[in-house]
Amino acid sequence: MSVLLLAEITNGALSLDQTAKAVTAVQALGDITILCAGNACSDAAAMAATLAGVSKVLCADDILYGNDLAEPVAALVVALADSFSHIVAPATASAKNILPRVSALLDVMVISDVTEVVDPETFDRPIYAGNAIQRIKSLDTQKVLTVRTAGFSAAAQTSSAPIENLAVAQDPGLSTWIEDKVQQSDRPELTSAKIVVSGGRGVGSLEHFKIIEALADKLDAAVGASRAAVDSGYAPNDWQVGQTGKVVAPELYIAAGISGAIQHLAGMKDSKIIVAINKDEDAPIFQVADYGLVADLFDVVPALTEAV
Amino acid sequence: MRVLVPVKRVIDYNVKVRVKSDGSGVDLSNVKMSMNPFDEIAVEEAIRLKEAGKVTEIVVVSIGVKQAQETLRTALAMGADRAILIEASADVHNDIEPLSVAKLLAKIVAQENPDLVLCGKQAIDNDMNATGQMLSALLGWSQATFASEVALEDGAAVVTREVDGGLQKIKVKLPAIVSVDLRLNEPRYATLPSIMKAKKKPLTIQTPEELGVEITPRHELISTSEPPQRSAGVIVKDVNELIAKLKDEAGVI
């Protein structure tokens, strides 16, 4: 058995956390070859080669792969697929765009958002927004899966696997990139931050979200939001924590003004410590919180920012 | 220009999901079923494109049990022109896998020749997030997933996509598959007169056998279980106690 793992690369840089956690998740499935596809991604390939358990890194460095367009990257993966039993990627927006395409091209049913690799054919994954966990056995000869990385620890950087440069596959010429509008931020990335401070509908407005951000900055934390807060326009969509947003599992998760809809819980319930701040003592968030504070977030969050 | 919109009948998003005690799945008997919310957004977008004069006909298609006709009627009441049901199962608990759905849709695409397929990014039951990408692969078409803005140009669609960290704008050649995300639009409610009118709109029924598509599942369900529960902790009285707990007991700050 052997694994081809599509590394998460953004603008040529490796997302070390996502990729290293995906490596851990599939460690038991055999020899791991990492594929780095991107523009000017040789540094990313060098970093991927340090991950423990990786036997080889393939580097496809070309502008064609620079913007994660599904068609060329999927064509590249399919061209390499023959020698691998498992094709894997961390369950990011980029991989969720690419791997189902790969899967259909190989006539294989994709397995999305794997939370546990039970054996080489059997996998656990959440369904119904995390309200149920399905254990499925794949009957396909090749398996194509995305891994929800939040529950895995990152592989150590102790290795030095050989790197092989790949020739570029043909450009299918179906889509062209126009622009990226990426939020520039000095804060840690939401999915890999040690601390996440999230606000919900209770925050009440875009302006008031500043108090959530202030606490996050004091704690060197990432900022998250519930879907209610995002839908109300208080926070950008890429801050959304939940089944339809990001799945996080930090050391400390502080939920302020979040009632705790199942949709949201699905995205943060694997956090080590959960703190809930809500003035409604019946809010479901208190049922999963290690520490609850029944209080007005507008009193408590600034006080917390002051005191930590 | 013709647009094809696949819609799925799923458990209503307000219904609390119950895992069956024998682990065979989620209980769907006698629960409220609705159109998958992401598909509703796709139908709405198609209607808006038609209202803007960019689209001439909207065909909706559903794959599943015969009750999915209700879902198709909802789409017709919203403003779709005609509907196709592919009756692929007699049991509501039998979920047709995205790969099979994509193969069936590819046949419908061959019949209907749409210029654009607008679909939801994922169904809220199996959460697989795959059908659009798979259909695109099978047809060799371009794909733009997780759309929060769609603009049609001459022979192309310019799509703004929700990606990790922000937005990406791409241009895809038509014909194309566009899968839609939550923020694209807010779907309309069907009015009573339009619901009445929808009853007269054409709805045809086909089967996977007629279309020559094999839908044997590739995933064997071993079990369905409740997610692990977290237990409630303690209620602290103020900020100072909270900080003390986080520092001394949990050691996380």
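Which residue, A:181, A:269, A:194, has the most motion in a Gaussian network model of chain A that connects Cα atoms within less than 10 Å? Judging by the Gaussian network model, the answer is A:181. Taking a straight Cα-Cα cut-off under 17 Å and skipping sequence neighbours fewer than 8 places away in the same chain, the aspartates and glutamates within cross-link reach of residue B:54 are B:44, B:45, B:81, B:115, B:149, B:153, B:154. Against chain A, whose longest principal axis is taken from its Cα atoms, helix A:297-307 shows a tilt of about 80°.
Using the alpha carbons alone, the radius of gyration of the protein assembly as shown stands to its Kirkwood radius in an Rg to Rh ratio of 0.96.
Between B:224, B:74, B:145, the Gaussian network model of chain B with springs among Cα atoms under 10 angstrom shows the greatest mean-square fluctuation at B:224. Hey, which aspartates and glutamates would be in cross-link range of residue B:66, C-alpha to C-alpha under 12 Å, not counting anything within fewer than 8 residues on its own chain? Of all the aspartates and glutamates, those that pass the test against residue B:66 - Cα under 12 Å, at least 8 places apart if same chain - are B:87, B:91. In units of the compact-protein estimate 2.2 N^0.38 Å, segment A:72-158 shows a Cα radius of gyration of 1.09. Cross-link check: pairs A:218/A:272; A:272/B:121; A:194/B:171; A:21/A:279; A:143/A:194 evaluated at a Cα-Cα cut-off of 28 Å; pairs beyond the cut-off: A:272/B:121; A:194/B:171; A:21/A:279; A:143/A:194.
Between segment A:181-248 and segment B:52-81, the C-alpha centres lie 36 angstrom from each other.
With a 1.4 Å probe on protein heavy atoms only, work out how much accessible surface A and B bury together, total over both chains, in Å² to the nearest 100. Heavy-atom accessible area buried at this interface is about 6400 Å².
For residue B:95, no residue whose modelled amide H falls within less than 5 Å of its own remains once neighbours fewer than 5 places apart on the same chain are excluded.
Surface analysis of segment A:59-208 yields an accessible area of 40 Å² per residue, using protein heavy atoms and a 1.4 Å probe. Most tightly packed first, judged by the mean number of other beta-carbon atoms within 10 Å of their residues, the peptides A:238-251, B:188-201 read A:238-251, B:188-201. Using a 10 angstrom cutoff on alpha carbons, build the Gaussian network for chain A and name the most mobile of A:179, A:71, A:189. Largest GNM mean-square fluctuation: A:179. Rg over Rh for segment B:2-225 works out to 0.95, using Cα positions for both radii and the Kirkwood form for Rh.
Going by the alpha-carbon gyration tensor, a ≥ b ≥ c the square roots of its eigenvalues, is segment A:77-226 rounded (a/c under 1.5) or, if a/c is not under 1.5, prolate (a/b greater than b/c) versus oblate? Taking the square roots of the gyration eigenvalues as a ≥ b ≥ c, segment A:77-226 is prolate. Computed from the Cβ-Cβ distance with R0 of 51 Å, the FRET efficiency linking residue B:12 to residue A:153 stands at 0.85. With N residues in chain A, what two-decimal value do you get for its Cα radius of gyration over 2.2 N^0.38 Å? Computed over Cα atoms of chain A, the ratio equals 1.04.
A cut-off of 5 Å between modelled amide H atoms, ignoring neighbours fewer than 5 places along the same chain, links residue A:39 with A:12, A:62, A:66. Summarising the label geometry, the points placed 7 Å from Cα in the beta-carbon direction at residue B:93 and residue A:251 lie 4.6 nm from one another. If R0 is 41 Å, the Cβ-Cβ spacing of residue B:244 and residue B:31 corresponds to a FRET efficiency of close to 0.35. Of the peptides A:148-159, A:11-22, the ranking by mean beta-carbon count within 10 Å, highest at the top, reads A:11-22, A:148-159. Label-to-label distance, residue B:192 versus residue B:57, with points set 7 angstrom from Cα along the beta-carbon direction: 3.2 nm.
Bridging of residue B:245 to aspartates and glutamates at a Cα separation below 16 Å is possible for A:251, A:290, once same-chain residues fewer than 8 apart are set aside. Helix B:68-78 axis versus longest C-alpha principal axis of chain B: approximately 80°, rounded to the nearest ten.
Cα centroids of segment A:69-131 and segment B:16-39: 25 Å apart.
In units of the rule-of-thumb radius 2.2 N^0.38 Å, segment B:1-109 shows an alpha carbon radius of gyration of 1.13. Measuring nothing but alpha carbons in segment A:1-151 and taking Rh as the Kirkwood radius, the Rg to Rh ratio lands at 0.94.
With the simple model of a label 7 Å out from the Cα in the direction of the Cβ, residue A:179 to residue A:13 spans 2.1 nm. Angle of helix A:16-26 to the longest C-alpha principal axis of chain A, folded into 0 to 90 degrees and rounded to 10: 70°.
Using the Cβ-Cβ distance between residue B:229 and residue B:48 with R0 set to 41 Å, the FRET efficiency from 1/(1 + (r/R0)^6) comes to roughly 0.45.
Given a 1.4 Å probe and the protein chains as shown, residue A:234 ends up with an accessible area of around 40 Å². Rounded to the nearest Hz, the phi-derived 3J(HN,Hα) couplings of segment A:60-65 under the Karplus curve 6.51 cos²θ - 1.76 cosθ + 1.60 (θ = phi - 60°) are 10, 9, 7, 4, 4, 9, where x marks glycine and proline. In segment A:84-116, the residues whose accessible area drops by at least 20 square angstrom when the other protein chains are added to the isolated chain are A:93, A:96, A:97, A:100, A:101, A:104, A:105, A:107, A:109, A:110, A:112; the probe is 1.4 Å and only protein heavy atoms count.
The values are calculated or read from the model by the stated rules, or taken from the named source; none is laboratory data. Only a predicted model underlies this, so the values are computations on that prediction, with no experimental measurement involved. Neighbour counts are summed over all protein chains in view; Cβ atoms, including those assigned to glycine, are modelled from backbone coordinates with ideal geometry. Note: areas computed on protein heavy atoms with side chains; ligands, DNA, RNA excluded. Shrake-Rupley method; radii C 1.70, N 1.55, O 1.52, S 1.80 Å.
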